[in-house]
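Participant: Pasting a structure below so you can have a look.
Please treat every number below as a calculation from the coordinates, not as lab data. Keep in mind it's a predicted model, so treat the numbers as computed, not measured. Here the Cβ positions follow ideal geometry from the backbone for every residue, glycine too, while neighbour counts run over all protein chains shown.
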Amino acid sequence: MVTSLLWILLCTGYVQVTIGWRDILTLLPHEHGSVFTGIFAPMVSLWFILAYVGRGMVIRETMKNMVKKLANFPIPPTIPKHAFMPLPKRCGISCWERSKT
């Protein structure tokens with residue numbers, strides 16, 4: 001939020017120094033689009049990156065909590081314990097058990 005505010009202030013100063021507020025109304029429509037794109041595209045890109053990273057952190061935290069809760073569930077005696085292990089370990093145990101027979 002603070003970074004976005006600083007970026008807007010920086011862009012406002014840039015427009016004031018280079019274009020001027022009186023001359024900004026004389027720009028053609030495609031030039032207005034370029035100005036707005038130049039102002040808002042970097043902020044939107046930063047917001048997308050931060051949202052992506054934040055979402056990943058929330059997903060990892062949720063997964064850790066789910067794994068902790070699942071670890072407390074009792075395993076029924078009819079289901080082999082290796083069925084609840086992560087896939088690489090489960091495949092290793094299954095292959096190892098097959099080679100014993």
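Participant: DSSP loop (so not H, G, I, E, B), at most 15 other Cβ within 10 Å: list which trypsin sites (Lys or Arg not before Pro) in the range 1-80 pass both filters. Write out the running numbers ahead of the final one.
Facilitator: On the way: sites: ARG22, ARG55, ARG60, LYS64, LYS68, LYS69; in loops: ARG22.
Sites meeting the loop and neighbour criteria: ARG22.
Participant: Whole angstrom only: what separates the Cα centroid of the range 52-74 from the Cα centroid of the range 1-48?
Facilitator: Here the two parts' Cα centres lie 40 Å apart.
Participant: Loop only per DSSP, at most 13 neighbouring Cβ atoms within 10 Å: give me the chymotrypsin sites (Phe, Trp or Tyr not before Pro) in the range 17-57, ordered by residue number. Don't jump to the answer; show the numbers that get you there.
Facilitator: Details: sites: TRP21, PHE36, PHE40, TRP47, PHE48, TYR52; in loops: TRP21.
Loop-located and lightly packed - TRP21.
Participant: What distance in nm separates the two pseudo spin-label positions at LEU5 and VAL58, each 7 Å out from Cα along the beta-carbon direction?
Facilitator: 2.4 nm
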